[in-house]
Amino acid sequence: MNTQNFAGLDNNWQDRYATMLCRARRALRRVRSGDRVFIGTGSAEPLRLVEALVARAPELVDVEIVQLFTKGEAAYADEKLTGSFRLNSFYIGKNVREAIQAGLGSYTPISLSAAPALFRSGKLPLDVALVQVSPPDADGWMSLGISVDIVKSAIENASLVIAQVNKLMPWTEGDSLVNIHDLDLLVAADMPLLLRESRAAHPTAREIGRRVAALVPDGATIQFGLGRSSHFGSLPQATCEFLSGHRDLGIHTEMITEDIVPLIESGAVNGRCKSSDRGRVVTSFCIGGERLYRMVERNPLFCFRPTEFVSNAEIIARQTRMVAINTAHEIDLTGQVCADSEQGQLTAGVGGLVDFARGALQSPGGRSIIVLPATSPDGQRSNIVTQLPPGAGVTLGRAETQFIVTEYGVADLFGKTIEQRVLALIGVANPRFRAGLFQEAMTARLLRPEMSSLADCLLPPLVETSALLLLDDGTEIRVRPLFLADLTDLRLFLHHLSPTSRRYHCAEADEHKLPFSLYADSGLGQAVVATIPDAHGEEIVATGKYFREVDGPYAEISLLVRDDWQNRGIGGFMFRRLCELAKGEGLAGLKANIRRENQRMQAILQHAGPTSGIPEGDVYRFQVDFRDDAR
């Protein structure tokens, strides 16, 4: 229909309203065989209208149902009604997944930002739109309430618009209003909105959420992606629990859920640092429970806008420190992200992933984060794979991926080589699958042949926690476990060492072999690095490791501090940290063979407590005993 705004011009809109009212059965008689019918999104699905449409199934043939996704029973997707209805979904929700996988419905891969243009272009003309609205205000305006998304565009482009008027639909602020002149038929039906109550997060989801929250800076604007709920729960939303201690957060996201309520109530979200819509939570639809629906009711904090605005990559990129959090189902070792299928079978959709990932990468200080559990729900299959399976779709190309987060860690891929990506992704895979992935990567020649020696370093470190040291000048030193993904940074670290420092560490100062010698066999010891913040992330300034004796209670330790960072207390701090780790493993003490000229390391060991140093040739043999340690 030709949409116009008549508010303020038509003082007798009530008369028109009265003539538009009718029963659902009568309104749906206007649907004809062969029509293309749009159904409103999510929890705002107009249930009474859908029921009346399905009731007409015996009279209809080849009616195409178009939707983003719905939360009702989706009776129109039943196999028995395939002669009456054909499903075309932009996202594969739980209620239609079985039908689409059985070939009884179709899926249109499309980003949320592009769907409205599809309606406008005439490539997918809509004959009928079934939507749900609030009752009108004094000027004849109605609110689309909890679902603006692509619904507003459907209203603007459909030939016939039938609206269910529901007193229980919240009136929401923003670009959510339609006038009665934008509609054709009205059906009054006050029905409870569909609910999706929050459930306790799975431990895997909580661990992923904790790691993601650590990547979110204060003052960031966040998107929580339209991730398919699964055995592990909705992963992007699991981050909310761990953001309550942040400050000045903003939200610009296609969907909000019940999980956002306690985050807002914590005071962490005020939108003060947003570059646009400052102070407001911008979204296009919400799905949750009564608590959420009450919160958004006439609340100026929330601004509901269509997806062509909310999911527009250019608008997203204008936000400073935009952090996009989206879900993948599988990712290959080169960084190709698959979000709409699993094992080659369609399961979800594109949603806003591509729009927000691209926008976040263009945002000043922005970050794109893809989350996924490391394994399938039954634990039998790795979601990090050497190659995506046949039929899998590449939702996000390898050139556009940045952070990948699993319950085992964080892999930063952006701007990294294939080799660096492989090591980083193997490092966040389930340890049970790392050896297989490493061997497959070697076979596929994604790694250099000489890297085969790293095959014994694939298990996670025994302790993943970090320790912080604050230097006198205010520099913060972070001591953390060494990961396979640090190989390139280790090479840069070694280039800063003097020949003397290299000789202290390894008699055979082969620059090609030395980086590999710094990795501890994860079954026999620990390796740590000291890092400082850098423009690209971190810069390594020191390394340390110990290897347990095969048949004894001691371990041999070595430390290496970059020349320009020596004499600042870093070596001593790392030594104490390694002592803590060794004690935690139940070791009796540490041993070290120190060259006579390496007086700095000798001093560290001599100040460690009960220590014995025995000269032998050109080295001192030191031993630190924990059991006699009175410190």
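If I filter segment 60-76 for residues that are in contact with a strand residue (DSSP E or B) (Cβ under 9 Å, 6 or more places away or on another chain), part of a helix (DSSP H, G or I) and either free of Cβ contacts under 8 Å to residues at least 24 places away in the same chain or surrounded by 19 or more Cβ atoms within 10 Å (Cβ to Cβ) (or both), do I get at least one hit? The answer is yes, given that some residue of segment 60-76 is in contact with a strand residue (DSSP E or B) (Cβ under 9 Å, 6 or more places away or on another chain), part of a helix (DSSP H, G or I) and either free of Cβ contacts under 8 Å to residues at least 24 places away in the same chain or surrounded by 19 or more Cβ atoms within 10 Å (Cβ to Cβ) (or both). Just one of the numbered conditions (1) under 11 Å from the mean Cα position of the chain (by Cα); (2) within 20 Å of Glu330 (Cα to Cα) is not true of Ala213: (2). Identify all residues within segment 434-461 that are at pLDDT below 90, surrounded by 14 or more Cβ atoms within 10 Å (Cβ to Cβ), aliphatic (A, V, I, L, M) and outside any helix (DSSP H, G or I); write none if there are none. Within segment 434-461, just Leu458 meets the criteria. Against the condition acidic (Asp, Glu) and in contact with a strand residue (DSSP E or B) (Cβ under 9 Å, 6 or more places away or on another chain), how does Glu342 come out, does it pass? Yes.
Restricting Pro135, Pro109 to residues that are farther than 21 Å from Glu254 by Cβ and either in contact with a Pro (Cβ under 9 Å, 6 or more places away or on another chain) or modelled with pLDDT of 95 or more (or both) narrows the list to Pro135. Applying the condition of being among the polar types (S, T, N, Q) and under 15 Å from Leu243 (Cβ atoms) to segment 254-278 and asking which residue is surrounded by the fewest Cβ atoms within 10 Å (Cβ to Cβ) yields Ser266.
Considering Gln343, Gln362, Gln387, Gln380, the condition of being more than 14 Å from the chain's Cα centre (by Cα) and without any contact (Cβ under 8 Å) to a residue 24 or more places away in the chain is satisfied by Gln380 alone.
Among the residues of segment 369-392, those that are surrounded by 17 or more Cβ atoms within 10 Å (Cβ to Cβ) and not polar (S, T, N, Q) comprise Ile369, Ile370, Val371, Leu372, Pro373, Ala374, Ile384, Val385, Leu388, Ala392.
Taking strands (runs of 3 or more DSSP E) as the structural unit, those lying wholly within segment 238-328 and holding at least 1 residues that are among the polar types (S, T, N, Q) correspond to 255-257, 281-283, 322-327.
With the structure loaded, tell me whether Ala102 is within 27 Å of Ala392 (Cα to Cα) and surrounded by fewer than 19 Cβ atoms within 10 Å (Cβ to Cβ) or whether it fails that test. Against the criterion (within 27 Å of Ala392 (Cα to Cα) and surrounded by fewer than 19 Cβ atoms within 10 Å (Cβ to Cβ)), Ala102 qualifies.
Residues in segment 216-223: is at least one modelled with pLDDT of 95 or more, in contact with a helix residue (DSSP H, G or I) (Cβ under 6 Å, 6 or more places away or on another chain), not assigned by TED's automatic domain parsing to the domain that holds Ser33 and not hydrophobic (A, V, I, L, M, F, W, C)? Yes. Scanning segment 33-51 for residues being touching a strand residue (DSSP E or B) at 6+ places or on another chain (Cβ under 8 Å) and free of Cβ contacts under 8 Å to residues at least 60 places away in the same chain gives a total of 2. Filtering segment 341-393 to residues that are closer than 21 Å to Phe69 by Cβ, in a loop (DSSP other than H, G, I, E, B) and in contact with a Leu (Cβ under 6 Å, 6 or more places away or on another chain) leaves Gly351, Gly352.
For segment 331-340, the set of residues classified as in a strand (DSSP E or B) and either surrounded by 24 or more Cβ atoms within 10 Å (Cβ to Cβ) or not assigned by TED's automatic domain parsing to the domain that holds Cys240 (or both) consists of Ile331, Val337, Cys338, listed by residue number. Looking across segment 405-417, the residues that are under 22 Å from Thr375 (Cα atoms) and either in a strand (DSSP E or B) or not hydroxyl-bearing (Ser, Thr, Tyr) (or both) come down to Val405, Thr406, Glu407, Gly409, Val410, Ala411, Asp412, Leu413.
The values are calculated or read from the model by the stated rules, or taken from the named source; none is laboratory data. The shown structure was predicted, so the numbers you read here are calculated from the model rather than taken from an experiment. Virtual Cβ from ideal backbone geometry, glycine too; neighbours counted across all protein chains shown.
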